[in-house]
Amino acid sequence: MRVLGIDVGGSGFRLGVFDVNTGTLHGELHRHAHGSTTGPEEVLSALETAIESLDWHGPIGLGFPGAVVDDRPVTAPNLGEAWVGVDVKERLAHFHGGRFAMVNDADAVAIAEAVHGAGHGKATCVLTLTIGTGLGTTLHQDGALVANLEYGRWPHPTKPGCLEEHLSGRARQQEGLTLEAWAKRFQEGLDHLEDRLSPDRIVLYGGLMEHWDTLRPLLSTEAELVPALLSDTAGPLGAALVAHPL
């Protein structure tokens with residue numbers, strides 16, 4: 001079954017057509033950049049243009065950077081309050097004909113990894129951390145997703161602000177941290193999350209995984225710590241899986 005998967009983030013969106021049974025991307029993964037202050041109208045117009053260019057009419061899954069309830073955003077910390085309550089399903093109805101699902105973007109990554117990647121297997125409790133513009137946090141308990149947790153918004157245990165303000169890829173960029181300095185900071189967040197959630201396996205996802213061989217020796221966990229396997233296809237693939245679950 002082929003499904004169009006879309007991953008909307010704080011700095012752009014990606015979309016592609018996936019075979020949800022195998023996780024295979026058909027054709028290219030298309031990318032479009034936008035700013036964190038770009039409003040819903042501009043992003044949705046760009047999405048419509050991108051979908052039209054694929055001549056797509058079929059099921060659509062969309063990952064969004066915030067909590068999602070009944071296919072609408074209820075929070076949008078990295079895109080702005082203008083997104084809260086926007087009816088994305090209705091806006092894109094011409095393309096999906098009612099076959100649509102919307103999910104938190106970090107949850108989408110974790111779903112893809114659970115079905116076709118590093119989260120698959122015998123672990124009872126899998127914590128997936130998506131390191132990007134924010135810090136996405138997702139828990140699978142006994143194979144079931146616990147949706148919209150957003151642990152990255154938890155208060156940091158020793159610093160002002162929330163965890164993602166200090167542990168995200170954006171924080172590393174803005175502060176010019178070396179990989180070693182960021183890893184030391186990230187370790188404190190890992191300890192905090194592991195102490196409270198007791199996962200069996202922790203999956204790390206994001207651009208920093210290209211430095212995995214250097215990063216892994218800098219981090220220590222009680223749980224099995226593994227890199228994500230699906231690279232930049234995980235978000236849109238996970239959204240596609242929500243639109244047409246196996």
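The values are calculated or read from the model by the stated rules, or taken from the named source; none is laboratory data. All of these numbers come straight from a predicted model, not from anything done at the bench. Virtual Cβ from ideal backbone geometry, glycine too; neighbours counted across all protein chains shown.
If you go through the range 96-116 and keep only what is touching a strand residue (DSSP E or B) at 6+ places or on another chain (Cβ under 6 Å) and under 23 Å from S45 (Cα atoms), you end up with H96, F100, A101, M102, V103, N104, D105, A108.
Residues considered: L208, L163, L219. Of these, the only one that is touching a residue at least 40 places away in the same chain (Cβ under 8 Å) and either outside the structural domain of F13 (by TED's automatic domain parsing) or in contact with a helix residue (DSSP H, G or I) (Cβ under 6 Å, 6 or more places away or on another chain) (or both) is L208. Could you tell me which numbered condition I202 fails, if it satisfies all but one of (1) in a loop (DSSP other than H, G, I, E, B); (2) closer than 15 Å to T130 by Cβ? The number of the failed condition is (1).
Of all residues in the range 67-78, those that are assigned to a loop (DSSP other than H, G, I, E, B) and either surrounded by fewer than 13 Cβ atoms within 10 Å (Cβ to Cβ) or touching a strand residue (DSSP E or B) at 6+ places or on another chain (Cβ under 8 Å) (or both) total 5.
From the list T133, T124, the lone residue that is crowded, with 22+ Cβ neighbours inside 10 Å and in contact (Cβ under 8 Å) with a residue 12 or more places away in the chain is T133.
Does G85 meet the test of being in a loop (DSSP other than H, G, I, E, B), in the same structural domain as V8 (by TED's automatic domain parsing) and modelled with pLDDT of 95 or more?
Values: in a loop (DSSP other than H, G, I, E, B): yes; in the same structural domain as V8 (by TED's automatic domain parsing): yes; modelled with pLDDT of 95 or more: yes.
Criteria met by G85.
Evaluating F13 against the criteria (1) under 19 Å from G207 (Cα atoms); (2) assigned to a loop (DSSP other than H, G, I, E, B) leaves one unmet condition, (2).
So which of T38, T130 is assigned by TED's automatic domain parsing to the domain that holds E165 and on the phi < 0 side of the Ramachandran plot? Please lay out each step first, then the result.
Values: T38 fails: assigned by TED's automatic domain parsing to the domain that holds E165.
Result: T130 is the single residue among T38, T130 that is assigned by TED's automatic domain parsing to the domain that holds E165 and on the phi < 0 side of the Ramachandran plot.
Tallying residues that are touching a strand residue (DSSP E or B) at 6+ places or on another chain (Cβ under 6 Å) and either of a type in the set (D, E, K, R) or at pLDDT below 95 (or both) within the range 34-66 yields 2.
I'd like to know if the range 180-199 contains one or more residues that are in contact with a Lys or Arg (Cβ under 8 Å, 6 or more places away or on another chain), surrounded by fewer than 21 Cβ atoms within 10 Å (Cβ to Cβ), part of a helix (DSSP H, G or I) and hydrophobic (A, V, I, L, M, F, W, C). No: zero hits.
Across the range 185-207, a minimum of one residue is classified as within 20 Å of A114 (Cα to Cα), among the aromatic types (F, W, Y) and modelled with pLDDT of 95 or more.
Within the range 15-27, can one find any residue that is within 17 Å of the chain's Cα centre (by Cα) and over 23 Å from G98 (Cα atoms)? Taking every residue of the range 15-27 in turn, none turns out to be within 17 Å of the chain's Cα centre (by Cα) and over 23 Å from G98 (Cα atoms).
Scanning the range 7-55 for residues that are among the hydroxyl-bearing types (S, T, Y) and surrounded by 14 or more Cβ atoms within 10 Å (Cβ to Cβ) turns up S11, S36, T38.
Where helices (runs of 4 or more DSSP H) sit wholly within the range 88-175, those with at least 2 residues that are more than 15 Å from the chain's Cα centre (by Cα) occupy 88-91, 93-96, 163-167, 169-175.
Determine whether G152 is among the small types (G, A, S), closer than 17 Å to R196 by Cα, at pLDDT below 95 and in the same structural domain as E222 (by TED's automatic domain parsing). Don't jump to the end; show me each part of the working.
Working: among the small types (G, A, S): yes; closer than 17 Å to R196 by Cα: yes; at pLDDT below 95: yes; in the same structural domain as E222 (by TED's automatic domain parsing): yes.
So G152 passes the test.
Please specify each residue of the range 229-242 satisfying the condition of being hydrophobic (A, V, I, L, M, F, W, C) and surrounded by fewer than 24 Cβ atoms within 10 Å (Cβ to Cβ). Scanning the range 229-242 gives L229, L230.
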